[in-house]
Amino acid sequence: MPLVKTLFDNRAIISVCGTDQVSFLQGIVTQDVANLTDGTSCYGALLTPQGKLIADFFVIRHQGNLLLDCAAGIAETLLKRLKLYKLRARVDVTDATFAWRVGAIWSQDAQPVSLTPDGLASHDDPRLTSLGQRLLVAADQLAAYEHVDASPADQKAHDAHCLNLGVPFFGTGFGAEQVFPLDINFDALNGIDYRKGCFVGQEVASRMKRKGEIRKRTWIVNTDGAPLEVGQAIKAGESTIGEITAASGEKGLAMVRLDRRAKASGDATTETNVPITLLQPAYLGDVT
């Protein structure tokens with residue numbers, strides 16, 4: 001089983017520590033953080049009060065503190081929002097990116113990874129087993145891990161691996177305050193717990209789930225023709241049924257209007273009439 005290991009240069013770490021760290025995050029993020037034990041993680045997000053996703057992240061329990069692994073491009077915004085919600089909670093919320101490097105180890109053939117590199121702190125990717133493990137390396141210990149680097153090629157390979165599985169991530173599939181969690185399959189990727197109690201945006205998120213009719217999902221899109229472009233409309237007959245949200249050559253992701261797709265006639269194409277294939281990600285299963 002071929003394994004790939006790399007460190008990312010586009011991730012940031014936010015540290016949440018203090019007496020109220022668990023209750024603080026528990027009351028505002030979409031996932032249950034109360035039962036995390038050292039070395040485990042969960043995948044969640046901070047939403048707007050209107051239910052749109054500001055940022056997705058991994059919450060990692062490490063040596064008694066909680067670390068948020070998020071996209072570097074949204075870290076400053078996320079940090080400000082967390083501080084805004086801090087109020088009188090006994091927590092310290094700080095940018096700890098200088099102290100950590102984030103990475104991953106995964107199998108390019110999408111098989112579960114059971115091998116952990118010696119000496120590297122790791123946690124299973126909570127979204128899908130086929131995404132392997134996430135790595136957390138102290139910046140002052142990087143010299144000891146020469147077998148793991150920040151290869152641009154490996155980072156691109158990891159992005160492509162996510163796209164092939166139909167897994168969107170910040171900057172590739174969605175941006176800040178653009179989508180609702182169900183639009184990007186957040187529930188099926190273990191990103192939201194409807195049973196844990198209150199979180200910011202819970203009323204809207206729960207109502208959309210309870211309605212039982214999910215209108216939008218993120219699907220895999222492939223073409224044997226021209227390269228895909230983000231923002232291209234997807235047509236089926238005379239109907240517009242979706243939009244390309246991520247693209248890497250002839251592969252990408254699309255946000256599909258399921259109700260329109262069901263009613264449309266004809267094969268799917270881009271707005272420039274390039275034939276495409278739309279595939280529901282396997283992990284969605286019977287969720288939709």
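The values are calculated or read from the model by the stated rules, or taken from the named source; none is laboratory data. Since this is a predicted model, take the numbers as computed values, not measurements. Ideal geometry is used to build each Cβ from the backbone, glycine not excepted, and the neighbour counts take in all protein chains shown. The protein model used for the area step is the full one, side chains on, heavy atoms only, and it has no ligands, DNA or RNA in it. Shrake-Rupley method; radii C 1.70, N 1.55, O 1.52, S 1.80 Å.
Expressed as a whole percent, the accessible surface of the chain that belongs to carbon and sulfur atoms is 48, based on a 1.4 Å probe. For Val29, the residues whose amide H sits under 5 Å from its own are Val200, ignoring neighbours fewer than 5 places away on the same chain, with H placed 1.01 Å from N. Dipole magnitude for the chain: computed about the Cα centre from +1 point charges on Lys and Arg Cβ and -1 point charges on Asp and Glu Cβ, it is near 1160 debye. The residues of region 225-288 expose on average 54 square angstrom of accessible surface per residue, using a 1.4 Å probe on protein heavy atoms. Filter the trypsin sites (Lys or Arg not before Pro) in region 27-100 to those in DSSP coil with at most 10 other Cβ atoms within 10 Å of their Cβ, and list the result. Filter output for region 27-100: Arg88.
Of all beta bridges that DSSP places with both ends in region 147-288, some 95 percent have antiparallel geometry. For region 197-263, the square roots of the Cα gyration tensor eigenvalues, ordered a ≥ b ≥ c, give a/c of at least 1.5 with a/b no greater than b/c, which places it in the oblate category. Dividing the summed helix terms, -39500 (n - 2.57) for each DSSP H run of n ≥ 4, by the number of residues in the chain produces a 222 nm estimate of -5000 deg cm²/dmol to the nearest 500. Shape class of the chain from the alpha-carbon gyration tensor: oblate, with a/c at 1.5 or above and b/c at least as large as a/b. From most to least packed by mean Cβ count within 10 Å, the peptides 253-262, 221-230 give 253-262, 221-230. Highest mean packing first, where packing is the average number of other Cβ atoms within 10 Å per residue, the peptides 270-281, 197-208 line up as 197-208, 270-281. Taking amide H atoms as placed 1.01 Å from N in the peptide plane, the amide H of Ala246 lies under 5 Å from those of Leu253, each 5 or more residues away in sequence or on another chain.
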